[in-house]
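The values are calculated or read from the model by the stated rules, or taken from the named source; none is laboratory data. Small disclaimer: the values here were computed from a predicted structure and weren't measured. So basically every Cβ, Gly included, is an ideal-geometry build from the backbone, and we count neighbours across all protein chains shown. Note: accessible area is taken over every heavy atom of the protein model, side chains too, but ligands, DNA and RNA are not part of it. Shrake-Rupley method; radii C 1.70, N 1.55, O 1.52, S 1.80 Å.
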Amino acid sequence: MSGGALFQESLRVLRRLELPEESERDVLAALEAAQPGPLPLFYEAGAEAGLERDLLTARGVGLFFSFSAGNLADDLMDGDCVYLQEPLRVGPCAQFLLQNLAWATLAEPRAKLPPLALEEGARLLARAAGPQALEVRTREWTEPVFRRVAEGIAGKQWAGYLRILWAGTWLEERAAQVGVALGVAAHIAEDIRSKDARFTSLPPADRVAVVAWGRRATESLRAQDLRCLDAALRRIEPIIPEVES
C-alpha cells in the first residue's frame, strides 16, 4: 500500500457515486490536479501511527477529498484552475461535491472515527479556511500578516488533517504540534522556493523573521523523531537556510 494506492481508492469511491459523466470528469480533473499532494504523507503518517489497512484507507481517502476541495478552491481564487473548462461555472460544483464526499467517507464505519475527533478536525479545517479571505485581500505583506495567513491556511490545515488521521492512536496527542509546525515550515519553504510575493515583498527584517520562524518549525519537526516526516524534512530543510547564506 502507498500514497498511490490511496489515490486509486479515491477513484473507486468516486465511480461508485454513478455521477453524470460531465460531473465525474470535473471531479476527476480536480483529484488529478491535487495529487500526489499530501497522499504519501497521509499513508506514511497513518502507517507509523499503527492504523490498520482499511482504517488508514478510509481516513486517507476522506482527507484527500477534503484536500482536493481546498486545492480547487485555492486555484479558483488564484486563477490557476486551468484543468477545468469554464472553471468559475463548474468549479464550485466540483468543490461542493468533493467536500461532501470527504465527510461521507470519513463518517463510514470502517474509518472508526470518534465523533469528537471528526468534529475537532472539521472545526480546525474551517478555521484554516478563514485566513484565505485575508490573503486574497492583502496588498502589502508584513511579517504579522504573513504569520496569520501561514498559521491558518497551512498550520491549522495540517493540524486538522492529523487530528483526524491519528485519532485513537499513540500519536493523537501530537497532532496539533506536528501539524502546525509541518504546515508552517512547508508554507514558508514553498514561498521561498517559488519566490511568491507573500515572501519576496516582505521588508528585509520581516523576511529574516519569517526565515527564523521556519527554521524553528523544522527544528520542532526534527525533534519529533518520526520517520513519516523524513521525506518532508528533506524537501523543506535545504530551502530555508539558503535565504540567509
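Values for this structure:
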quantity	calculated
Accessible area of the chain divided out per residue, in Å², using a probe of 1.4 angstrom	49 Å²
GNM top mover of Ala33, Ala104, Ala186 - the chain, alpha-carbon springs below 10 Å	Ala104
Region 13-75 - Rg over Rh from alpha carbon coordinates, Kirkwood radius	1.02
Mean separation of Cα contacts under 8 Å (6+ apart) over length of region 66-122, as relative contact order %	34 percent
Peptides 36-46, 229-239 ordered by average Cβ neighbours within 10 Å, highest first	36-46, 229-239
Label of the coordinate-derived value, Kirkwood radius over Cα pairs in Å, listed as (1) 17.9; (2) 18.4; (3) 19.3	(2)
Relative contact order [Cα under 8 Å, 6+ residues apart], region 1-114, whole percent	33 percent
Cα pair count fraction exceeding 26 Å, expressed as % - region 1-137	22 percent
Rounded percent of accessible protein surface that carbon and sulfur make up, region 1-61, 1.4 Å probe	45 percent
Selection from Cys81, Ala49, Val61 lying farthest towards where the dipole of region 5-114 points positive, charges on Cβ	Ala49
Viscosity 1.567 mPa s, temperature 4 °C, Stokes-Einstein D of region 142-197 from Kirkwood C-alpha radius, µm²/s	112 µm²/s
Backbone N within region 34-59 under 16 Å of label point (7 Å from Arg174 Cα along the Cβ vector)	41-51
Stretch gain in nm, segment Gln85-Arg25, where the contour uses 0.36 nm per residue and the Cα spacing is subtracted	20.5 nm
Contact order normalised by residue count of region 130-214, Cα under 8 Å, 6+ apart, percent	33 percent
Three principal axis lengths of region 189-235 [C-alpha, angstrom, descending]	35, 19, 10
Net charge of Cβ neighbours under 15 Å - reference Ala45; Lys, Arg +1; Asp, Glu -1	-2
